[in-house]
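*Asks:* This is the structure I have questions about; it appears just below.
Any read-out appearing in this document is the output of simple, stated calculations on the displayed coordinates, not a laboratory observation. Note that this is a predicted model, so its numbers are computed, not measured. Cβ sites come from the backbone with ideal geometry, for glycine too, and all protein chains shown count toward neighbours.
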Amino acid sequence: MNDFLMYLTNGVVIGIIYALSALGVSLIVGIMNVVNFAHGELYILAGYFSALFASALGLGPIPAMVAAVAAIFVLGLLMEWTLIRPTYGDDMYSLIITFILSIILQNAYLFIFGPYPQKPPNWVGGASNLFGLFFYGNQRLACLGVAVGVIAGFFLLLHKTWFGRVVRAVSMDREVASMLGVNPVKVNLLAFGLGCALAGAAGVILTPIFPVTPTVGVGVSLTAFVVVVLGGMGSFGGCVVGGLILGLVENLGAAYLDSGYKHMFGFVILILVLFFRPAGLFGQKQL
């Protein structure tokens, strides 16, 4: 029983961070109809940045995290302005560009940082006795708390601010929003930057647990896309639920069945959900 609770806790921790990364994908797809294949590479870069800022600049773990996410946000703005904006009206071009960018970034990371795993310092040490049943690492608990806080902040931004109302208006009907005075180009810019920053946030939160290497971005992107489809395209709440489901299924499946097929379990769940509900758990059926 104690082992089951530990595996369950692991699934929740990983699932919440899956959800955080997937929210960035869902935001960009919902606003711009752009699939960012370089999403995972931005996750990696944030991990590298947090490690670099902590070691080279002497920043503490938390300031290094914040600086890394801010850098990814600025990079996202530059990507939208220079690479994505010229492709407006042709979704295939933007897909190809981000795919090429992901390959370029992978090779750049390999050249600059080398093939060896790198990680920033842990924020906290030790372990806590949860419920008097098992010990669990404080670093993982801290990651869970920060990820939940970032997701809560995202939903507050989306539902309680002017920017959030504009984002939701553009995602529902871009033409009507434009007629009401919304500048969709600026919304695209900020939404893309924010989506990239969410990938960066997931990266700096998870990197102290799982060090980054130049090639892990492919798996990160694929997992984020699976969560978005599982939860339902356009549903931010679905991303959270989908991320938790995927995290729990992967960790429990690896613990009780075979760790070698860890990522396969999530795809089995995805196939089953799409078989019975093609729009995803919380997606809207197309009429």
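*Asks:* Would you mind checking the tilt of helix 39-56 against the longest principal axis of the Cα atoms of the chain, expressed as 0 to 90 degrees and rounded to 10?
*Replies:* 60
*Asks:* Taking θ as phi - 60°, what are the ³J(HN,Hα) couplings along segment 90-107 by the Karplus curve (6.51, -1.76, 1.60), each to the nearest whole Hz, with x for Gly and Pro?
*Replies:* Once rounded to whole Hz, the list reads 9, 5, 5, 5, 5, 5, 5, 4, 5, 5, 5, 4, 4, 5, 4, 5, 4, 5.
*Asks:* Separate question: First measure r as the distance between the Cβ atoms of Lys160 and Val185, then evaluate 1/(1 + (r/R0)^6) with R0 = 25 Å and state the FRET efficiency to the nearest 0.05.
*Replies:* Working: r = 24 Å, r/R0 = 0.97.
So the FRET efficiency works out to roughly 0.55.
*Asks:* Moving on. How far is the Cα center of segment 93-112 from the Cα center of segment 163-187, in Å?
*Replies:* Their Cα centres are 30 Å away from one another.
*Asks:* Shifting gears a bit: With the cut-off at 1.5 for a/c, could you classify segment 1-45 from its C-alpha gyration tensor as rounded, prolate or oblate? Display every interim value, and only then the final one.
*Replies:* Numbers: a/c = 5.32, a/b = 2.58, b/c = 2.06.
It comes out prolate by the Cα gyration axes.
*Asks:* Describe numerically, in nm with one decimal, the distance between label points set 7 Å from Cα along Cα→Cβ at Tyr93 and at Val148.
*Replies:* A separation of 4.5 nm, rounded to one decimal place.
*Asks:* By count of other Cβ within 10 Å, fewest leading, how are Val34, Val66 ordered?
*Replies:* Going from sparsest to densest Cβ surroundings: Val66, Val34.
*Asks:* Starting at the first residue of segment 181-188, write each ³J(HN,Hα) from the Karplus equation 6.51 cos²θ - 1.76 cosθ + 1.60 with θ = phi - 60°, in whole Hz, x for Gly and Pro.
*Replies:* Once θ is set to phi - 60°, the couplings for segment 181-188 become x, 7, 8, x, 5, 5, 5, 4 Hz.
*Asks:* Compute the Rg/Rh shape ratio of segment 38-179: radius of gyration over Kirkwood radius, all on alpha-carbon atoms.
*Replies:* Answer for segment 38-179: 1.05.
*Asks:* With r defined as the distance between the Cβ atoms of Arg168 and Val74 and R0 fixed at 30 Å, what FRET efficiency is calculated, to the nearest 0.05?
*Replies:* Details: r = 24 Å, r/R0 = 0.82.
With R0 = 30 Å, the Cβ-Cβ based efficiency is 0.75.
*Asks:* Calculate the spin-label point distance for Val176 paired with Ala108, positioning each point 7 Å from the Cα along the beta-carbon direction, and give it in nanometres.
*Replies:* Each label point lies 7 Å from its Cα, and together they span 4.0 nm.
*Asks:* List, largest first, the extents of the alpha carbons of segment 214-287 along their principal axes, each in whole Å.
*Replies:* Reported extents, whole Å, longest axis first: 40, 29, 17.
*Asks:* Please report the relative contact order for the chain, taking Cα pairs under 8 Å with a sequence separation of at least 6, and give it as a percent rounded to a whole number. Walk me through the intermediate numbers first.
*Replies:* Values: 445 pairs, mean separation 104.4, N = 287.
About 36 percent, as a whole number.
*Asks:* Oh, and also: Mind giving me the FRET efficiency for Leu222 and Ala127? R0 is 22 Å, r the Cβ-Cβ distance, nearest 0.05 is fine. The partial results should precede the final answer.
*Replies:* On the way: r = 31 Å, r/R0 = 1.42.
Rounded to the nearest 0.05, the efficiency is 0.10.
*Asks:* Run the paramagnetic zone check for Arg85: 7 angstrom along Cα to Cβ, then residues of segment 165-197 with backbone nitrogen under 20 Å.
*Replies:* 167, 170-171, 174-175, 178-179, 181-197
*Asks:* So what are the ³J(HN,Hα) numbers for segment 158-173, from phi and the Karplus equation (6.51, -1.76, 1.60; θ = phi - 60°), rounded to whole Hz, Gly and Pro as x?
*Replies:* Along segment 158-173, the couplings run 6, 10, 10, 10, 4, 4, x, 5, 5, 4, 5, 5, 5, 5, 7, 7 Hz.
*Asks:* For every helix of n ≥ 4 consecutive DSSP H residues, a contribution of -39,500 (n - 2.57) applies; sum these over the chain, divide by its total residues, and give [θ] at 222 nm rounded to the nearest 500 deg cm²/dmol.
*Replies:* Working: 11 runs with 205 residues, N = 287.
That calculation yields -24500 deg cm²/dmol at 222 nm.
*Asks:* Next up: Mind sorting Tyr109, Tyr43, Tyr7, Tyr256 by how few other Cβ atoms lie within 10 Å of their own Cβ, fewest first? Intermediate results must be reported in sequence, preceding the final value.
*Replies:* Values: Tyr109 22, Tyr43 32, Tyr7 17, Tyr256 11.
Fewest-to-most Cβ neighbours within 10 Å comes out as Tyr256, Tyr7, Tyr109, Tyr43.
*Asks:* Another question about this same structure. What is the log10 of I(q)/I(0) for the chain, computed with the Debye formula using one identical point scatterer on each Cα and no solvent, at q = 0.07, 0.11, 0.13 Å⁻¹?
*Replies:* Those come out to -0.25, -0.64, -0.90, one per q.
*Asks:* Using amide H atoms built 1.01 Å from N in the peptide plane, name the residues 5+ places from Ala127, or on other chains, whose amide H lies under 5 Å from its own.
*Replies:* Correct list: Asn138.
*Asks:* When a footprinting reagent is the concern and you count Cβ atoms within 10 Å, what order do Ile151, Ile96 take, fewest first?
*Replies:* Values: Ile151 21, Ile96 13.
Fewest-to-most Cβ neighbours within 10 Å comes out as Ile96, Ile151.
*Asks:* Once the cut-off is 17 Å, how many percent of the Cα-Cα pairs in segment 123-167 end up in the long-distance tail?
*Replies:* On the way: 506 of 990 pairs.
Result for the distance tail: 51 percent.
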